[in-house]
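Below: the structure, in structure tokens.
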Amino acid sequence: MTTVDRAVPPGADLPEHADFLWRNPEPKRSYDVVIVGAGGHGLATAHYLAKNHGIRDVAVLERSWLGGGNMCRNTTIIRSNYLWDESSAIYEHSLKLWETLEEDLGYPILFSQRGVLNLAHSLQDVRDSVRRVEANKLNGIDAEWLTPDEVKKVCPIVNTSQELRYPVLGATYQPRAGIARHDYVAWGFARRADEAGIDIIQDCAVTGFRTAGDRITGVRTTRGDIAAGKVVLCAAGTTTVLTDMLGLRIPVQSHPLQALVSELLEPVHPTVVMSNHVHVYVSQAHKGELVMGAGVDPYNGYGQRGAFHVIERQMAAAVELFPVFARAHLLRSWAGVVDVCPDASPVVGKTPYEGLYLNCGWGTGGFKATPGLGWSLAHMIANDEPHPCIAPFGLDRFVTGALIDEHGAAGVAH
Amino acid sequence: MQLITCPYCGPREEAEFHYGGQAHVPHPADPGSLSDEEWAHHLFFRDNPRGPFAERWVHALGCRRWFNAVRDTVSYRFHHIYRLDQARPETP
Ligand SMILES: Cc1cc2nc3c(=O)[nH]c(=O)nc-3n(C[C@H](O)[C@H](O)[C@H](O)COP(=O)(O)OP(=O)(O)OC[C@H]3O[C@@H](n4cnc5c(N)ncnc54)[C@H](O)[C@@H]3O)c2cc1C
Ligand SMILES: [Zn+2]
């Protein structure tokens, strides 16, 4: 029988294994720039250092695996409808980059501009929301105020009955906002950075710094000392563990932030809905899971897990707003460690140490900033001067009092 | 949900308590003499350790009294709970 000599082992006709997206090089003993943390921010910064400034002698050091921090734990909401001019500038810069990022990276990131609704449930909510819409319009950001009936048209499954304990009185709407696939974004940036010759080194924890007077000269790591012309901290929730080693105080507190997904469902939810007042937000991922979350767990925590009663309350709020979810099953929940600032805005800037740059305090909302921050931080590293988009976010604002209070736009909403 | 032992009421569910952040941050003895920098540090800068942390809690849905605790910020385990007029226990 001819089939015998044509015998094909099972699986042999499958396509070749896909190429690896990045190398796993041994660390060199010295680089021009060392970035601590291979989350979204570290990887985007590396990409724009090479792309915009031709700086390629760069290492991104990651203590665990690429994207294993908040980058691949977040709920991927992207928007730019923050209140103040300073925030509008950086988040809108970022949103514009998102709109062409897939072409820039040459990699699918499933960026879907399905719009974001921020619900209002009280008179104060309504006033604050209308004010934010007007502020957004003045900054050239797409923003609309919707009545409950208009909310229902955008998202038919929201319960707009006025009989609710906290009825929906309206919503702000940003049509250009949306979601993306966070792991693809991390991989896309990593692939581009790697192609440019940048070393991404996983399993390499920074354990200390080398200094000469008030100059940073390198880092100590679990894989030996590495000299560096410039060191950039993109360590998100664990930033103060690093800055404590330098006696540098940063006004952030690390909190658990939880999220959850349901089983896969048919498409039922066309947009993103957030409610600061009843404390929950929901979108539906491309695969079909409902993705949900809300504010941080109240206490400081580095445990990458949170308390059950916190998500129990979020689910009560979700079911009241979306009665259709009542019989959905939750599949899993998890948490990241987010670094929260007193004014709910990030800290990005130079430090008292020459050659040391700080990027932290993005708390619950730094995913959307990934391209815009990477672009601006690369500019600061290349020019030793903050890019205009991040200049207002330096540490000095806590001394001058020029705080950028975004609790309204960033407390529960991410 | 974990049980937190209120020094006045005994063990109660975590949901009855509110968090108050870092403990033992004294009000400046002579507020008028502080520089802007010193005010910034007093108002906005707090320790954020990975490990044991001395912090304030209030039994909001119980006796409504404040107390201090040393809690591990990684395991979330409470090592010590003590009254406001007591010093921070030495270990851990
Ligand atoms: C549950 C959840 C939901 C969220 N939802 C949203 C959302 O919808 N929209 C939004 O915009 N934002 C959201 N965020 C926030 C967003 O994820 C973060 O602000 C953002 O990811 C932070 O930047 P990053 O990606 O660089 O951080 P990370 O991915 O956390 O990167 C930091 C990296 O540094 C590494 N590192 C730390 N210390 C060291 C060391 N000593 N040596 C080497 N490496 C080190 C860590 O391992 C980590 O990989 C959410 C966060 C969470 C947890
Ligand atoms: Zn009590």
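The values are calculated or read from the model by the stated rules, or taken from the named source; none is laboratory data. Since we're looking at a predicted model, the values are computed, not measured. In this analysis, Cβ positions are derived from the backbone assuming ideal geometry, glycine residues included, and neighbour counts consider all displayed protein chains. Remember, those area values only see protein heavy atoms, side chains included, never the ligands or the DNA or RNA. Shrake-Rupley method; radii C 1.70, N 1.55, O 1.52, S 1.80 Å.
Checking residue B:6 against (1) away from chain A (no Cβ under 11 Å); (2) open to solvent by 50 Å² or more (accessible area, probe 1.4 Å); (3) of a type outside the set (S, T, N, Q), which test does it fail?
(2)
Can you find a residue in region A:164-173 that is touching a residue at least 12 places away in the same chain (Cβ under 8 Å), aromatic (Phe, Trp, Tyr) and under 25 Å from residue A:340 (Cα atoms)?
Filtering region A:164-173 for residues touching a residue at least 12 places away in the same chain (Cβ under 8 Å) gives A:164-173.
Now drop any that are not aromatic (Phe, Trp, Tyr), which leaves A:166, A:173.
Checking the rest, the ones that are also under 25 Å from residue A:340 (Cα atoms) come to none.
Checking region A:164-173: not a single residue is touching a residue at least 12 places away in the same chain (Cβ under 8 Å), aromatic (Phe, Trp, Tyr) and under 25 Å from residue A:340 (Cα atoms).
Give me the residue from region A:233-250 that is more than 18 Å from residue A:362 (Cβ to Cβ) and assigned to a helix (DSSP H, G or I) and, out of that set, farthest from the other protein chains (Cβ to nearest Cβ).
Per the criteria, the residue is A:246.
Restricting to region A:251-272, name every residue that is within 14 Å of chain B (Cβ to nearest Cβ) and open to solvent by 20 Å² or more (accessible area, probe 1.4 Å).
Within region A:251-272, A:253, A:255 qualify.
If we keep just the residues of region B:75-87 that are surrounded by 13 or more Cβ atoms within 10 Å (Cβ to Cβ) and farther than 17 Å from residue B:50 by Cα, which is farthest from the other protein chains (Cβ to nearest Cβ)?
Only one residue tops the list, namely B:82.
Name every residue in region A:309-331 that is in contact with a His (Cβ under 7 Å, 6 or more places away or on another chain) and open to solvent by less than 70 Å² (accessible area, probe 1.4 Å), in order of residue number.
Just the residues of region A:309-331 that are in contact with a His (Cβ under 7 Å, 6 or more places away or on another chain), to begin with: A:313-314, A:317.
Result: A:314, A:317.
Report, by residue number, each residue of region B:31-46 that is open to solvent by 60 Å² or more (accessible area, probe 1.4 Å) and either within 14 Å of chain A (Cβ to nearest Cβ) or under 17 Å from the mean Cα position of the chain (by Cα) (or both). Outline the logic, then answer.
At the first step, the residues of region B:31-46 found to be open to solvent by 60 Å² or more (accessible area, probe 1.4 Å) are B:32-33, B:36-39, B:41, B:43, B:46.
Answer for region B:31-46, where residues must be open to solvent by 60 Å² or more (accessible area, probe 1.4 Å) and either within 14 Å of chain A (Cβ to nearest Cβ) or under 17 Å from the mean Cα position of the chain (by Cα) (or both): B:36, B:37, B:38, B:39, B:41, B:43, B:46.
If I ask for residues that are under 22 Å from the mean Cα position of the chain (by Cα) and surrounded by fewer than 19 Cβ atoms within 10 Å (Cβ to Cβ), which ones from region A:114-141 would you list?
Correct list: A:114 only.
Could you count how many residues in region B:64-74 are away from ligand 1 (no atom under 16 Å from the Cβ), open to solvent by less than 60 Å² (accessible area, probe 1.4 Å) and part of a loop (DSSP other than H, G, I, E, B)?
So the answer is 0.
Being within 12 Å of another protein chain (Cβ to nearest Cβ), of a type outside the set (Gly, Ala, Ser) and out of contact with any Pro (no Cβ under 8 Å at 6 or more places or on another chain) is the filter here, so list the residues in region B:62-74 that pass it. Working first, answer last.
Of region B:62-74, the ones within 12 Å of another protein chain (Cβ to nearest Cβ) are B:69, B:71-74.
Next, only the ones that are of a type outside the set (Gly, Ala, Ser) stay: B:71-74.
Within region B:62-74, B:74 is the sole residue that qualifies.
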